[in-house]
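Step one of this worksheet: look at the structure below.
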Amino acid sequence: MNHPTDTDTIWVTQEAYDRLRSELDHLRGEVRSDITSKIAAARDEGDLKENGGYHAAREEQGKTEARIRQLEDMLRRAEVGDKPADDGLVEAGMKVTIRFAGDDDTESFLLGSRELLSLDSSVDLDVYSPTSPLGAAILGKKAGDTATYETPNGRSITVEVVEATPF
């Protein structure tokens, strides 16, 4: 069995973990059973080559099984943690606002995993991993601190942390 490394870990709240687990249980049980019934019913109709219901059910089955594998992987890598303290320190689970050196505009993003965003579909934020170059550079910083990180193409970029609040 593979054990998650730090770069594989997905930080999630207990609420997010429970929601993902619930979705997985639903897909493995009720949804799988429903698709199996649809496939069996379509098979009983005869010729499968021109059976739209059969092909639709098989496609639905493929998508469901892919989501099940994705959820199993995320839950395997999940590290459940409390919501971060509202102490202004940059850590996973925070909405972080930064300003690039020499620029007046700010940019906000979630430091953590994309799964945290799915708890509130009205939120439109980019997500950066705490292990990404930017995420690792600002981890543990607070408002007013600056950090420099290297992009994949070798450029050094300096940012100032403007604000960090729990997501």
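The values are calculated or read from the model by the stated rules, or taken from the named source; none is laboratory data. Note that the structure is a prediction, hence the values are computed from the model and not measured. Backbone-built Cβ (ideal geometry, glycine too); neighbour counts: all protein chains shown. To get the accessible areas, we keep the full protein, side chains included, count just its heavy atoms, and leave off ligands, DNA and RNA. Shrake-Rupley method; radii C 1.70, N 1.55, O 1.52, S 1.80 Å.
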Scope the range 38-49; condition within 18 Å of Lys63 (Cα to Cα) and open to solvent by 70 Å² or more (accessible area, probe 1.4 Å); matching residues: Lys38
Selection from the range 122-163 of residues that are loosely packed, with under 15 Cβ neighbours inside 10 Å, part of a strand (DSSP E or B) and charged (D, E, K, R): Asp126, Glu150
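Does Ala85 count as in contact (Cβ under 8 Å) with a residue 12 or more places away in the chain, under 28 Å from Gln14 (Cα atoms) and among the small types (Gly, Ala, Ser)? If you could, list the steps in order and put the result at the bottom.
Working: in contact (Cβ under 8 Å) with a residue 12 or more places away in the chain: yes; under 28 Å from Gln14 (Cα atoms): yes; among the small types (Gly, Ala, Ser): yes.
Answer is yes for this residue.
List the strands (runs of 3 or more DSSP E) that sit entirely inside the range 1-114 and contain at least 2 residues that are modelled with pLDDT of 90 or more. Spell out the reasoning first.
On the way: elements: 10-12, 78-80, 94-100, 106-111.
Those strands (runs of 3 or more DSSP E) span 94-100, 106-111.
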Pair list, Cβ under 6 Å, 6 or more apart: the range 125-146 residue within 16 Å of Val12 (Cα to Cα) and of a type in the set (A, V, I, L, M, F, W, C), other residue open to solvent by 40 Å² or more (accessible area, probe 1.4 Å) and part of a helix (DSSP H, G or I): Val127/Arg114
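Name the residue, out of Glu23, Glu30, that is over 21 Å from Leu134 (Cα atoms), open to solvent by 50 Å² or more (accessible area, probe 1.4 Å) and within 15 Å of the chain's Cα centre (by Cα).
On the way: Glu30 fails: within 15 Å of the chain's Cα centre (by Cα).
Every option except Glu23 fails the conditions.
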